[in-house]
1. Kindly evaluate residue 196 against the criterion of being part of a helix (DSSP H, G or I) and open to solvent by less than 10 Å² (accessible area, probe 1.4 Å).
2. Could you grab the pairs with beta carbons closer than 6 Å, sequence gap of 6+ or different chains, first residue in the stretch 64-80 and farther than 11 Å from residue 50 by Cβ and open to solvent by 10 Å² or more (accessible area, probe 1.4 Å), second one more than 8 Å from the ligand (Cβ to nearest atom) and at pLDDT below 95?
3. Which one of the conditions (1) at pLDDT below 95; (2) open to solvent by less than 30 Å² (accessible area, probe 1.4 Å) does residue 234 fail to meet, given that it meets all the rest?
4. Collect the residues in the stretch 58-74 that are closer than 21 Å to residue 207 by Cα and either part of a loop (DSSP other than H, G, I, E, B) or in contact with a Ser or Thr (Cβ under 8 Å, 6 or more places away or on another chain) (or both), keeping them in residue-number order.
5. Provide a single number: the residues in the stretch 129-146 that are within 16 Å of the ligand (Cβ to nearest atom) and open to solvent by less than 20 Å² (accessible area, probe 1.4 Å).
6. When you look at residue 23, is it closer than 17 Å to residue 208 by Cα, part of a helix (DSSP H, G or I) and over 14 Å from the mean Cα position of the chain (by Cα), yes or no?
7. Might you check whether a residue that is part of a loop (DSSP other than H, G, I, E, B), within 15 Å of the ligand (Cβ to nearest atom) and among the acidic types (Asp, Glu) occurs anywhere in the stretch 90-97?
8. In the stretch 216-235, what residues are assigned to a helix (DSSP H, G or I) and within 14 Å of residue 31 (Cβ to Cβ)?
Amino acid sequence: MDNSPIGFFDSGVGGLSVYQRVSALLPHESTVYIGDHAFLPYGGKTRRRIQARAVKLIRFLLARHVKLIVVACNTATIAGIDTYRRLFPDVPIIGVVPVVKTAAQLSAGSFAVLSTSFTAQSRYQKLLIRKFAPRAQVYNLGCPNLLSFVENGILQGKQIDRELGQILTPRILKKIDIIVLGCTHYPFLQKAIRAIVGSKIRILDSGGAVARHVERILTHNDIPGHAKRATHEFYSTIENDTLSRVAGTLLKKKVRVQYADI
Ligand code: DGL
């Protein structure tokens, strides 16, 4: 047993979708979350830049004595999960990647993956598709503009519909039966996406699989928590009063986001 917290990081508030799934499954685990708003978005940055920030965020979390780290960001995971594990071998580090394998198993033959431009263009994503969906028609779609809606707490409305309509065109929607959400910000847009694509297309995200993986690793390492009152701390690398409101809207609870000067 170990009541130390689980650490999470993302470029912004998107990773809260993963935090939400983990803490729903493991309510006795305390958590520390940090969003790197000072460097948001990661999607347009170089691998080196993203790795450098990730290393700083991991150090911040380790200083808070976390027992496990979730890289709650597809982009940061793809940019360097092996590097983070090599640099910090004493703490289990779990990443998030788009659930291409699951989509390939469930699809009749054609599906779409929505992610940041970095993830969409990455060698990793292309290999994932080649390995697990060699016969499927996969629309690997970079969506650089979706993230800012979530960061502003805007989860539905005309602007989002317009943006989604440009990505998920009628031609694509006619062919696909699954949409994979390959960015941790997008599960917060699930309702807006559903309204555009109708009820027949399945929408898959990685949150549930990550939560179950966290549970397995905690058990395997004999470090599950049993806190009677789990605590949840939230940090951002910028000082901004509206972040607490946005995080509260996303998580549907009162949240206080503190400033971390890193
Ligand atoms: N939530 C991040 C992801 O899953 C967004 C990265 C970004 O800042 O562009 O990829």
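The values are calculated or read from the model by the stated rules, or taken from the named source; none is laboratory data. All values reported here derive from a predicted model rather than from experimental measurement. Glycine also receives a Cβ, built like all others from the backbone with ideal geometry; neighbour counts cover every protein chain displayed. When the accessible area is computed, the model is the full protein with side chains, heavy atoms only, and any ligands, DNA or RNA have been set aside. Shrake-Rupley method; radii C 1.70, N 1.55, O 1.52, S 1.80 Å.
1. Working: part of a helix (DSSP H, G or I): yes; open to solvent by less than 10 Å² (accessible area, probe 1.4 Å): no.
Considered against the rule, which asks whether it is part of a helix (DSSP H, G or I) and open to solvent by less than 10 Å² (accessible area, probe 1.4 Å), residue 196 comes out as no.
2. Cβ pairs passing all conditions: 67/2.
3. Single failed check for residue 234: (1).
4. The first filter runs over the stretch 58-74 and keeps only residues closer than 21 Å to residue 207 by Cα, leaving 58, 61, 66-74.
Selection gives 66, 67, 71, 72, 73, 74.
5. Of the stretch 129-146, the ones within 16 Å of the ligand (Cβ to nearest atom) are 140-146.
Now drop any that are not open to solvent by less than 20 Å² (accessible area, probe 1.4 Å), which leaves 143, 146.
Qualifying residue count, the stretch 129-146: 2.
6. On the way: closer than 17 Å to residue 208 by Cα: yes; part of a helix (DSSP H, G or I): yes; over 14 Å from the mean Cα position of the chain (by Cα): yes.
Criteria met by residue 23.
7. No, because not a single residue in the stretch 90-97 is part of a loop (DSSP other than H, G, I, E, B), within 15 Å of the ligand (Cβ to nearest atom) and among the acidic types (Asp, Glu).
8. Narrowing the stretch 216-235 to residues assigned to a helix (DSSP H, G or I): 216-220.
The one that is assigned to a helix (DSSP H, G or I) and within 14 Å of residue 31 (Cβ to Cβ): 218.
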